[in-house]
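Following: one structure in structure tokens, then a few remarks.
The values are calculated or read from the model by the stated rules, or taken from the named source; none is laboratory data. Note that the structure is a prediction, hence the values are computed from the model and not measured. No Cβ is skipped: glycine too gets one built from the backbone with ideal geometry, and neighbour counts run over all protein chains shown.
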Amino acid sequence: MKLNGSEIIVTFLGTGAAIPADNKYHSSFALTHPKGTILFDCGEATQFNLRKYRVSTRKEFVIVISHFHSDHFLGLSGLLASFQLLGREEKVIIVGPEGIDELVHSLLNANYVHLDYELEILSIEPGDRLFRPGYSLHAIKAIHEARALSIIFEEDGRPGKISYTKIEELGIPSGPLIGQLQKGKSIEIDDRTIHPDEVMGPKRRGRVVAYSGDTRPNLNFIHNIPKPCDLLIHEGTYPSMMIELAEERSHSTIKEAAEMALESQANMVIVTHISSRFTSQEFNDEVKLIKSMYEHIEVAKPGMQYIIHLSS
Ligand SMILES: [Zn+2]
Ligand SMILES: [Zn+2]
């Protein structure tokens, strides 16, 4: 498939839960958008999979840590140290719950990592919206420990499509005046004022990717996701019959992830943070079960990519 740089590409890097399992790795996925990359969680081995799956870290690079369980952040100091060795000059932004600053500095100190590039560390609380060029991140309190957050990526909307029939009707000459209208500015021609909404269609929506982080099923999170949601990434740590364990450890079963999928009506749902407790038979049965519950659902694997094209 041909890509033109306007796509959002989500690449799964680590898709396992806390106990290490072959070929799953600890939590992490990268969301590459036209202005840069956001890494959501940075478990051990994240830097190896970033390289393996060729995720760009050159433009704006933001790391979001959903909570302070080590399977979500232990890869940080290694990744930051490798950037230093590679001579990085661009700033890295790290976002996380309150206390993220102390966590990052203690990891760097403990590992004797010195950085010459700038680190900007931003803490966010439930309900906060962090605005970056082109998008925002909305933090929702997760039902889990360690100050856990669910995060919703919302791309800024785009101006509507311009109608060249209207442009002609109104006698607007081709050139910079049309550009001004496209930027949302009114223009003057022959003592007439023309407003952008006279020649432009309705504003086009931005793309939405929602990440549950580690959590029990949480309708408050699901109901905060703008519709339509392009991609919901939901944890589904345990097989359905381990519901008591899921409740005890504040996780979701894979079936509960599918229930949240149904509630969200997202265009695509990818279940991640899969425990190593699944036997392969159990895993196959559970995948069948969730696919019978929701049509657009998959289970993540490292290296899996999901591409979201610009909405028309
Ligand atoms: Zn976890
Ligand atoms: Zn956790």
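List the residue pairs whose Cβ atoms are under 6 Å apart, where the first residue sits in segment 219-244 and is over 13 Å from Val208 (Cβ atoms) and away from ligand 2 (no atom under 16 Å from the Cβ), the second is at pLDDT 95 or above and not in a helix (DSSP H, G or I), and the two are 6 or more positions apart or on different chains.
Within 6 Å, the pairs are Ser240/Thr253; Ile243/Thr253.
If Val113 satisfies all but one of (1) modelled with pLDDT of 95 or more; (2) in contact with a helix residue (DSSP H, G or I) (Cβ under 6 Å, 6 or more places away or on another chain); (3) among the hydrophobic types (A, V, I, L, M, F, W, C), what's the number of the condition it fails?
(1)
Any residue at all in segment 141-151 that is more than 16 Å from ligand 2 (Cβ to nearest atom) and crowded, with 17+ Cβ neighbours inside 10 Å?
The answer is no, given that none of the residues of segment 141-151 is more than 16 Å from ligand 2 (Cβ to nearest atom) and crowded, with 17+ Cβ neighbours inside 10 Å.
Please give the number of the condition His251 fails out of (1) more than 27 Å from Phe278 (Cα to Cα); (2) assigned to a loop (DSSP other than H, G, I, E, B); (3) at pLDDT 95 or above.
(1)
Specify the residue that is surrounded by the most Cβ atoms within 10 Å (Cβ to Cβ); the eligible residues are those in segment 54-107 that are part of a helix (DSSP H, G or I) and within 16 Å of ligand 1 (Cβ to nearest atom).
The residue in question is His72.
If I go through segment 1-48 residue by residue, how many of them are closer than 22 Å to Glu90 by Cα, of a type in the set (S, T, N, Q) and within 16 Å of ligand 1 (Cβ to nearest atom)?
Qualifying residue count for the region: 2.
Given Ala18, Ala30, which one is assigned by TED's automatic domain parsing to the domain that holds Ser136 and within 16 Å of ligand 2 (Cβ to nearest atom)?
Ala18
Of all residues in segment 259-292, which are farther than 23 Å from Gly303 by Cβ and touching a Leu at 6+ places or on another chain (Cβ under 8 Å)?
The answer is Met260, Glu263, Ser264.
Identify the residue in segment 54-85 that is of a type in the set (Gly, Ala, Ser) and within 16 Å of ligand 2 (Cβ to nearest atom) and, among all such residues, is farthest from Leu107 (Cα to Cα).
This residue is Ser66.
Among what's in segment 33-49 and is under 15 Å from the mean Cα position of the chain (by Cα) and of a type in the set (A, V, I, L, M, F, W, C), pick the residue that is farthest from ligand 2 (Cβ to nearest atom).
Ile38
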